[in-house]
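Report on one structure; see the data block that follows.
Nothing in this text is a laboratory measurement; each read-out follows from the coordinates by a stated rule. This structure is a prediction, so every number in the text was calculated from the model and none was measured. Cβ sites come from the backbone with ideal geometry, for glycine too, and all protein chains shown count toward neighbours.
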Amino acid sequence: HAVQQLLDGKALRGAGVWQEFGAVILCAVVGWLVALSHWPPRVVLLIAATVLAGLWAVVFLMYAQSAYLVSIVVPSFAYLAAFGTATVLLRYGEWEQKRFLREAFAHYVPPQVINRLVVDPDLLRLGGQRRMISCVTTDIAGFTALTEHMEPTRMVELINAYLDAACKVVFEHHGTLDKMVGDSLHVIFNAPLDQPDNP
């Protein structure tokens with residue numbers, strides 16, 4: 001290959017140190033920006049692969065056409081490292097947000113509602129919103145008198161069993177548990193998600 005270059009009268013020219021450094025920084029920035037784009041993951045991966053392939057194609061073309069030699073390995077590593085780091089940080093942030101939503105709402109809304117909120121967090125509007133809701137408040141008749149004649153440990157077992165069963169019924173009907181006060185449940189329907197048949 002070297003002999004052929006001599007025969008063709010081609011003299012290799014190489015990029016300077018600062019040009020090489022600039023190429024590394026540029027590739028890292030491009031990799032970071034591609035990873036942080038808001039397209040679906042498959043599209044982002046396709047774009048990332050296309051950009052990398054395009055980078056290699058440009059470098060080989062420069063070499064073939066004008067014998068201009070640019071180091072491609074280090075800029076490629078910089079591109080992949082930046083892309084990988086940004087992707088991991090972005091996915092970790094999304095995972096943390098989903099975990100927070102699941103833990104925050106697990107005791108108040110049914111799993112179907114949590115799943116919808118995880119998929120589309122914008123359904124939760126900061127500052128609240130005005131909407132028509134239906135409310136249900138439950139109360140066990142004679143509960144106070146019952147507590148006066150029952151052992152505390154037995155009472156805790158009884159009330160826990162009741163609240164567990166009652167909450168399951170609420171969640172089956174897509175209700176949202178507002179709060180528990182003693183033996184009382186405060187439940188709302190048509191929030192945080194729309195429930196057309198809430199009355």
Exercise for review: Take the alpha carbon atoms of the stretch 138-199, find their center, do the same for the stretch 57-80, and report the distance between the two centers in whole angstrom.
Suggested key: 68 Å
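Excluding L146 itself, what net charge comes from residues whose Cβ is under 12 Å from its Cβ, given Lys and Arg +1 and Asp and Glu -1?
Taking every Cβ under 12 Å from that of L146, the sum is -2.
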